[in-house]
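Asks: Mind looking over this structure? Questions follow.
Values in this text are rule-based calculations from the coordinates and carry no lab data. Note that the structure is predicted; figures quoted are calculated from it, not measured. Don't worry about glycine lacking a Cβ; one is built from the backbone with ideal geometry, like all the others, and counts go over all protein chains shown.
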2 protein chains.
Amino acid sequence: MNANAREEILAAAKLVAQAHGYAGLNFRDLAQQVGIKAASIYYYFPSKAELAAAVAKRYWEDSAAYLESLLQNSTKPIDALRRYPETFRWALENDNRICLCSFMSAQFDDLPDEVKAEVQAFTDVNIAWLKKVLIAAKVVSPKQAENRARAIYSGIMGAQLMARSQADIALYDSLIQSYRAAGLLSA
Amino acid sequence: MNANAREEILAAAKLVAQAHGYAGLNFRDLAQQVGIKAASIYYYFPSKAELAAAVAKRYWEDSAAYLESLLQNSTKPIDALRRYPETFRWALENDNRICLCSFMSAQFDDLPDEVKAEVQAFTDVNIAWLKKVLIAAKVVSPKQAENRARAIYSGIMGAQLMARSQADIALYDSLIQSYRAAGLLSA
DNA sequence: ACCTGAACACCGTTCAAGT
DNA sequence: ACCTGAACACCGTTCAAGT
């Protein structure tokens, strides 16, 4: 409990941010979940902006590590690419949450600069990974890889949003299926 | 001024909601723009939820009328389909705003029910229109039309979000271009 | 009919003080 | 080191009362 209050705050803040965004993060509720008072959060984080930035930073670091392991553990790059959309399914499974950074992109203009930078980093990590895998799997030419990587990422962001607004995870699967059929995701 | 306060409130609220979402709608600033006090807004709209619902309703009604005229004024259905992404470009051109309903989809879980219903209606109108045009233009079979319509719509939502988070309208165009190249938008 | 002042509830934040 | 009560400034919202 008090041994790891900082970690508990980060974990709770992540869940709240995935469900309600930056504006929905409020210190009084957050503190209650962790079993401390709102004022105590300031012992660990100097401001709401810094807390949100720490959450987003942890988020993209974990994502980057996961994507790297996904690629390492795939026999062929195309298999890793095929499993990429799964990554964004888990949050939807978990109480209709969405990827923290998809959510924060919507409110981007209202985000403090420290938070913007970390959200940006998440996008960069994903685009770079997709680009690398698209080239390795020879799905597109190296020249086209950047554009295709961005298109896949934005397509998945849209699919998450739409599935969430219908609270229907089957719609997410159906959209990914349609992207595949239309040729967006590979070949 | 007082002759049309209701309309002025609606127009101002629409712009704010497109830039900052439902949570960003604030009555004091809104009132100041219209030249009245915050409390006076409640004379025209019984709550923030009703105001937002009225804004969203007006929004999808205007969109539906525009899409219908776009189709009427195109010599071939495929031309209307080709111009569909333009519809969502205008908001980005206008101070990096995005489609009101794309924005509200992100915050869907926190929306009052009246607002949810109108955001839903916007999605329905767009999917129905796309489906009709996809079939008329023989881009896909009638059986596949619904799925393809949803994939196009979600792809465009994602493209708006991504372009906005980079404050770069050229990125929107580039994403639409990539969707076309990958085969999502037609053929 | 149209509008408002004043109050209320809530929020991020600070800080002196407690253990 | 870790936590808190109480207070501050601010803001969306409500309502009884004004014209």
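Asks: Compute the orientation-averaged projected area for the range A:77-187 from the convex hull of its Cα atoms and round it to one decimal in nm². All intermediate terms of the calculation are to be shown ahead of the outcome.
Replies: Working: hull surface 28.3 nm².
Orientation-averaged projected area of the Cα hull: 7.1 nm².
Asks: With unit charges on the beta carbon (Lys/Arg positive, Asp/Glu negative), name the residue among B:Gln144, B:Thr123, B:Gly155 whose Cα is farthest towards the positive pole of the charge dipole of the range B:119-186.
Replies: B:Gln144
Asks: Please give the per residue volume of the convex hull enclosing the alpha carbon atoms of the range A:1-54, rounded to a whole number of Å³.
Replies: Values: hull volume 3.6 nm³, N = 54.
About 66 Å³ per residue, rounded to a whole number.
Asks: Would you calculate, for chain A, the mean residue ellipticity at 222 nm contributed by helices, counting each DSSP H stretch of 4 or more residues as -39,500 (n - 2.57) and dividing by all residues, to the nearest 500? The partial results should precede the final answer.
Replies: Values: 10 runs with 141 residues, N = 187.
Taken over chain A, the calculation gives -24500 deg cm²/dmol.
Asks: Just how many % of Cα pairs in the range A:56-142 lie over 17 Å apart, if you round to the nearest whole percent?
Replies: The proportion of pairs with Cα distances above 17 Å equals 52 percent.
Asks: Related question: May I ask you to evaluate 6.51 cos²θ - 1.76 cosθ + 1.60, the Karplus curve with θ = phi - 60°, for each residue of the range A:156-172 and list the ³J(HN,Hα) values in order in whole Hz, giving x for glycine and proline?
Replies: 6, 4, x, 5, 4, 4, 5, 4, 5, 5, 9, 6, 9, 5, 5, 5, 4
Asks: Please get the size of the charge dipole for chain B, origin at its Cα centre, with Cβ charges of +1 on Lys and Arg and -1 on Asp and Glu, quoted in debye to the nearest 20.
Replies: Values: 21 positive and 20 negative charges, 116 e Å.
For this selection, approximately 560 debye.
Asks: Which residue, B:Leu100, B:Ile41, B:Ile78, has the largest displacement toward the positive end of the dipole of chain B when charges sit on each Cβ (Lys, Arg +1; Asp, Glu -1)?
Replies: B:Ile78
Asks: Name the chain B residue nearest the rotation axis between B and A, going by Cβ position, and give the distance in whole Å.
Replies: Of all Cβ atoms in B, the one closest to the rotation axis yields B:Gly158, 1.
Asks: Work out, in µm²/s and without decimals, the Stokes-Einstein translational diffusion coefficient of the protein assembly as shown at 25 °C, 0.890 mPa s, Rh from Kirkwood over C-alpha pairs. Show your work: numbers first, answer last.
Replies: Values: Rh = 21.7 Å.
Estimated diffusion coefficient is 113 µm²/s.
Asks: Taking the alpha-carbon set of chain A, what are its Rg and Dmax in Å?
Replies: Looking at chain A, its Cα Rg and Dmax stand at 17.7, 55 Å.
Asks: So for A:Tyr44, A:Tyr22, fewest C-beta neighbours within 10 Å to most, what's the order? Please report the intermediate quantities before stating the final value.
Replies: Values: A:Tyr44 17, A:Tyr22 24.
Least crowded to most crowded, the residues run A:Tyr44, A:Tyr22.
Asks: Within 10 Å of each Cβ of A:109-118, how many other protein chain Cβ atoms are there on average?
Replies: Working: counts 11, 5, 1, 0, 0, 0, 0, 1, 0, 0.
Partner-chain Cβ atoms within 10 Å, mean over residues of A:109-118: 2.
Asks: Considering only the label points, 7 Å along Cα→Cβ from Cα, what distances in nm to one decimal separate A:Ala117 from the same position in each other copy, shortest first?
Replies: From this label point to the equivalent ones elsewhere in the assembly: 4.6 nm.
Asks: Turning to a different aspect of this structure: In nm, one decimal, shortest first: how far is the label point of B:Asn73 (7 Å from Cα along Cα to beta carbon) from the matching points in the other copies?
Replies: Copy-to-copy label distances for B:Asn73: 5.4 nm.
Asks: Same structure, new question: What are the distances, in nm and sorted shortest first, from the label point of B:Ala11 to the label points of the same position in each other copy, with each label point placed 7 Å from Cα along the Cα-to-Cβ direction?
Replies: With the label placed 7 Å along Cα→Cβ, B:Ala11 yields 5.3 nm.
Asks: How well do other chains shield peptide A:164-174, expressed as the mean number of their Cβ atoms within 10 Å of each residue Cβ? Please list the in-between numbers first.
Replies: Working: counts 5, 15, 5, 2, 0, 0, 0, 2, 1, 0, 5.
Counting Cβ atoms of other protein chains within 10 Å of each residue's Cβ and averaging gives 3.
Asks: Per 0.36 nm of contour for each residue apart, how much would the distance between A:Ile169 and A:Lys143 grow if the chain were fully extended, relative to their Cα-Cα spacing? Mind showing how you got there, number by number?
Replies: Working: separation 26, 0.36 × 26 = 9.36 nm, distance 3.42 nm.
Answer, rounded to one decimal: 5.9 nm.
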